[in-house]
Amino acid sequence: DAGITQSPRHKVTETGTPVTLRCHQTENHRYMYWYRQDPGHGLRLIHYSYGVKDTDKGEVSDGYSVSRSKTEDFLLTLESATSSQTSVYFCAARGAGTPRNEQFFGPGTRLTVL
Amino acid sequence: QKEVEQNSGPLSVPEGAIASLNCTYSDRGSQSFFWYRQYSGKSPELIMFIYSNGDKEDGRFTAQLNKASQYVSLLIRDSQPSDSATYLCAVSPVSASGGSYIPTFGRGTSLIVHP
């Protein structure tokens with residue numbers, strides 16, 4: 001897992017509640033990403049970060065916000081959870097100048113919104 | 001919109017056979033091509049990457065790239081039941097300004113290797 005952890009690993013919540021998912025990395029990677037994975041859709045980028053306090057939107061960012069106050073932590077917040085946000089969420093990280101441009105993925109968080 | 005297309009499968013092959021997985025992409029500016037393997041309930045892991053036209057071999061895996069046809073493939077020789085997984089194709093342009101690297105993933109092809 002290249003030093004990437006996600007918490008919680010599983011969460012069940014109710015519609016309308018805010019939810020925050022945490023991604024933590026120990027390799028000092030500059031770039032971090034949040035994806036969601038749903039059957040039939042593959043991996044879709046929600047938000048990404050290219051440095052502390054530097055973030056940008058991905059293709060499915062509506063209803064999500066992110067923050068990165070430290071290199072090692074990238075938080076994803078669902079401002080008011082909806083059933084359509086039931087998914088598996090993966091965090092990924094990549095170091096600057098990595099020859100393989102490889103993204104390392106965390107173990108995932110399974111979120112269920114009732 | 002950048003698109004990466006893969007046949008969802010499942011692709012079923014007998015043990016010991018060659019499994020051939022294919023991927024096409026729409027963005028002619030793509031320069032980096034990756035194959036990730038994802039076991040059920042697990043996260044994706046990189047198994048192959050290729051930047052230049054032609055073939056790249058790593059053990060039982062061969063990645064083939066044809067930029068003119070916008071086509072990348074993954075061959076798995078001597079397939080084993082442990083190769084049963086979903087294989088994700090990802091493509092990306094060379095790092096954009098600021099180094100942001102935003103790959104586009106295909107939906108994945110499910111491979112089943114039966115004994």
Open item on the list: Pick from B:A17, B:A63, B:A90 the residue whose mean-square fluctuation is largest in a GNM of chain B, springs joining Cα atoms under 10 Å.
Closed with: B:A17
- [ ] Along Cα→Cβ, 7 Å out, is where each label goes; now give me the distance between the ones at B:R28 and B:Q80 in nm to one decimal.
- [x] 4.2 nm
TODO: Would you grab the residues whose amide H sits under 5 Å from the one on B:G9? Only those 5+ places off in sequence or on another chain, please, with H modelled 1.01 Å from N.
DONE: B:S110
TODO: Averaging over all projection directions, find the projected area of the Cα convex hull of chain A and quote it in nm² with one decimal place.
DONE: 6.6 nm²
Open item on the list: Using the Karplus curve 6.51 cos²θ - 1.76 cosθ + 1.60 with θ = phi - 60°, what ³J(HN,Hα) values do you get for each residue of region A:53-58, in whole Hz, with x for Gly and Pro?
Closed with: 6, 10, 9, 8, 7, x
TODO: Grab every C-alpha pair in chain B, bin the distances at 10 angstrom width from 0 up to the longest one, and report whole percents.
DONE: 15, 47, 30, 7, 1
- [ ] Take every residue in peptide A:42-51, count the Cβ atoms of other chains within 10 Å of its Cβ, and give the average of those counts.
- [x] 4
Open item on the list: If you scale each eigenvalue of the Cα gyration tensor by 5 and take the root, what three semi-axes come out for region B:30-70, rounded to whole angstrom and sorted largest first?
Closed with: 22, 12, 7
Task: Spatially proximal aspartates and glutamates relative to B:K2 (Cα-Cα < 17 Å; intrachain offsets below 8 disregarded) - done: A:E59, B:D27
Open item on the list: Eigenvalues of the Cα gyration tensor times 5, then square-rooted: what semi-axes does that give for the protein assembly as shown, in whole angstrom, largest first?
Closed with: 30, 21, 16
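No value in this document is a laboratory result; all are computed from the given coordinates. Every value quoted in this text rests on a predicted model; they were computed, and no experiment measured them. Heads up, the Cβs are rebuilt from the backbone with ideal geometry, glycines too, and the neighbour counts pull from every protein chain shown.
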